[in-house]
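Q: Structure below; questions to follow.
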């Protein structure tokens, strides 16, 4: 089961409006609204705004609170990013050949992995 992110189904039910009206107002297929109601897919910020306009509510009221607690992860990761780049000489980007043979810059997967591991340790120690 997917994690519930939006409250569109409940809010529209409370307001007494149908998914059909939402689909017409936003100008999307009816099945798209059904997918939003099931939280299988999420509306774009533009579509979320249109739904908020229809219901005359703040867009935040269409989203489930995530109840996150600030543990300082972002600032700790920022410091680790600087350390990895300056002290460990791990570049932010690397060059890679794309499917057409052209060299492009992409985010360094080594750096991404290091940051994810660091974040996991930070979260596990909470």
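What follows draws every value from the coordinates through simple rules; no lab data is involved. Remember, predicted model here, so these are calculated numbers, not experimental data. Glycine also receives a Cβ, built like all others from the backbone with ideal geometry; neighbour counts cover every protein chain displayed.
Q: Measuring from label point to label point, each 7 Å out along Cα→Cβ, what is the residue 5 to residue 70 span in nm?
A: Simple spin-label model gives 2.4 nm for this pair.
Q: Based on C-alpha coordinates, I'd like the Rg and Dmax of the stretch 73-124, in Å.
A: That works out to 13.2, 42 Å for Rg and Dmax.
Q: Obtain the nm distance between the two label points defined at residue 45 and residue 105 by a simple spin-label model: each point lies 7 Å from its Cα along the Cα-to-C-beta direction.
A: Between residue 45 and residue 105, the simple spin-label model gives 2.4 nm.
Q: Springs between alpha-carbon pairs under 10 angstrom, Gaussian network model over the chain: which of 102, 79, 50 fluctuates most?
A: For the chain, modelled as a Gaussian network with Cα springs under 10 Å, the answer is 102.
Q: Additional query: So how do 92, 118 line up by other beta-carbon neighbours within 10 Å, fewest first?
A: Ascending Cβ contact count within 10 Å gives the list 92, 118.
Q: I've got another one for you. Starting from one equal scatterer on each C-alpha and no solvent at all, send me the Debye-based log10 I(q)/I(0) for the stretch 34-76 at q = 0.14, 0.21 Å⁻¹, two decimals.
A: -0.47, -0.76
Q: Moving on to the next point. Return the whole-Å distance between the Cα centroid of the stretch 77-126 and the Cα centroid of the stretch 10-70.
A: 35 Å
Q: Taking the chain as the reference, fit the longest principal axis to its C-alpha atoms, fit the long axis of helix 45-55 to the helix C-alpha atoms, and give the angle between the two in degrees, 0 to 90, nearest 10.
A: It is inclined by approximately 30 degrees.
Q: Here's a follow-up. log10 I(q)/I(0), Debye, Cα-only the chain, no solvent, q = 0.09, 0.11, 0.19 Å⁻¹?
A: -0.49, -0.66, -0.92
Q: Report, largest value first, the span of the C-alpha coordinates of the stretch 8-62 along each principal axis, in whole Å.
A: Principal-axis extents of the stretch 8-62 (Cα, largest first): 23, 22, 19 Å.
Q: Something else now. Suppose the chain between residue 61 and residue 38 were pulled fully straight at 0.36 nm per residue; how much longer would it get relative to their current alpha carbon spacing?
A: So the extension gain works out to 6.6 nm.
Q: How high is the FRET efficiency from residue 90 to residue 122, r the C-beta distance, R0 25 Å, rounded to 0.05?
A: After rounding, the FRET efficiency stands at 0.85.
Q: Continuing with this model, one more query. Sort 26, 82, 33, 11 by Cβ crowding within 10 Å, fewest neighbours at the top.
A: Listed from fewest to most nearby Cβ atoms, that is 82, 11, 26, 33.
Q: How many nm separate the modelled label positions at residue 97 and residue 54, each set 7 Å beyond the Cα in the direction of the Cβ?
A: Result for the modelled spin labels: 5.0 nm.
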